[in-house]
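A quick write-up on the structure given underneath.
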Amino acid sequence: MSNTLQVPTAAPGASAPRAAGGAARKTLLTRSRPWLLLAPALAVLAVLLLWPLVRVLLFSLQDYGLREIVSGEPNWIGLANYGEIFTSPELYTVVLPNTVGFAVFAVAGTVALGTAVAVLMASLGSFWRTVVGSAIMIAWAMPAVTGTYVWIWIFDADRGIVNETLQALGLQDEPVNWFTNRYTFYGIVLLNVIHHGFPFVAITILAGLLGVPKEMLEAAEMDGAGPWRRFWRIIVPNLKQVFAVVIILSTIWDFKVFAQVYLMPGGAGSNREALNLGVWSYVESFGQNRYGFGSAIAVLLTLVLLGITVVYVRTMLKEEEL
């Protein structure tokens, strides 16, 4: 009998499953590592942003007022608040025209003025470009509340600069209250928003203008192309993505404008012709204590802004692919 110790050997290929399993675990860990690092930030965002949105959505499905706040008992009514919104004549005659119409004029004015200032700055030397850029950034840095009160003072019915100037020139006999008329009201809001928003557009477009090859502009000028033609044939095609970004961002900001409307005389709900979606939601919620109805308006506004944001993100992704 042999006393030789027999050492068992692993069957051929037995280590392959172990290696495959280890590689799979390593791949899974590699893929999940970014999400593990983002988990704390995502948790904070979920608490601060996602949960309030869920609560607003739940409120929009209830007849939620002071009684429900005191009792703590929900009063579910389904989609009745949304039905009331879409059947309200005020939505189609006042709120939507004010919201959409203002956004169209505000975006057009902001982009046009910002582009004009950017072209001006591009033609200046570095010193004066810095001076002009610093000056316009003061308007952008000014808080919306402060800027709104400045415009209220300018158009004040009793001591406003506009009324005093027009009377001094003999263009009107007595002061005019510019805030009672729906169109002059939004005209003042339009000046306020354009003045506050054009510096961002100007600086953004200026960055794009400085990247346009000078050789192309010089060649076009030698071929007889004027400034207007060079702008539309060379600058605009080269800055198509930049213009898309500033237009979409301006649309998002101007569609949800609130402070510039709410703080104006009559904009807090006393003048119903000045309501837009944001102010209508606030007035119905905190002025009429109809929190469910106001939440439904807020949900619709959020969906519209979400759709615009999706367009913005897709535009940014296309820009990165170029």
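Under the rule of -39500 (n - 2.57) per DSSP H run of 4 or more residues, summed and divided by the residues of the chain, what mean residue ellipticity at 222 nm is obtained, to the nearest 500 deg cm²/dmol?
That comes out to -21000 deg cm²/dmol.
What does the charge count around Ile234 come to, taking other residues whose C-beta lies under 12 Å from its C-beta (Lys +1, Arg +1, Asp -1, Glu -1)?
Combined, the nearby Lys, Arg, Asp and Glu give +1.
If R0 is 41 Å, what FRET efficiency do you get for Ser123 and Asp158 from their C-beta distance, rounded to 0.05?
That pair, Ser123 with Asp158, gives E of 0.45.
Which of Gly101, Gly197, Gly83 moves most in a GNM of the chain, Cα contacts under 10 Å?
Of Gly101, Gly197, Gly83, the most mobile in the Gaussian network model is Gly83.
Multiply the residue separation of Ala207 and Val70 by 0.36 nm, subtract the distance between their alpha-carbon atoms, and state the gained length in nm to one decimal.
Full extension of this stretch gives 43.8 nm more.
In straight Cα distance, which aspartates and glutamates are under 17 Å from Lys240, not counting same-chain residues fewer than 8 positions off?
Glu319, Glu320, Glu321
Before anything else, pin down the relative contact order of the chain: Cα pairs under 8 Å, at least 6 apart, normalised by residue count, whole percent.
About 26 percent, as a whole number.
Which helices of the chain meet both criteria: a Cα extent of 24 Å or more along the helical axis and a mean Kyte-Doolittle score no lower than -0.5, with helices taken as whole DSSP H segments?
The answer, listed by residue number, is 15-45, 102-122, 182-209, 291-321.
Any idea of the accessible area per residue across the chain, 1.4 Å probe, to the nearest Å²?
Spelled out: the 1.4 Å probe surface of the chain, per residue, equals 61 Å².
What does the charge count around Ala157 come to, taking other residues whose C-beta lies under 12 Å from its C-beta (Lys +1, Arg +1, Asp -1, Glu -1)?
Counting the neighbours of Ala157, the net charge comes to -3.
Report the calculated FRET efficiency for Arg55 and Leu79 (r = Cβ-Cβ distance, R0 = 22 Å), to the nearest 0.05.
In this case the efficiency is close to 0.80.
Given springs between every Cα pair under 10 Å in a Gaussian network model of the chain, which of Ala259, Ala207, Ala39 has the largest fluctuation?
The residue with the greatest mean-square fluctuation here is Ala39.
Quantify, in whole percent, the carbon and sulfur part of the accessible surface of the chain (1.4 Å probe; protein heavy atoms only).
Carbon and sulfur: 68 percent of the exposed surface of the chain.
So if each residue of separation counts as 0.36 nm, and I subtract the Cα-Cα distance between Val145 and Leu305, what length gain in nm does that give?
Working it through step by step, the gained length comes to 55.4 nm.
Hey, in the GNM for the chain with a 10 angstrom Cα cutoff, which one of Trp153, Trp51, Trp76 fluctuates hardest?
Trp51
The values are calculated or read from the model by the stated rules, or taken from the named source; none is laboratory data. Remember, it's a predicted structure, so these values are computed and weren't measured experimentally. Glycine also receives a Cβ, built like all others from the backbone with ideal geometry; neighbour counts cover every protein chain displayed. Just the protein is used for accessible areas: all its heavy atoms, side chains included, with ligands, DNA and RNA removed. Shrake-Rupley method; radii C 1.70, N 1.55, O 1.52, S 1.80 Å.
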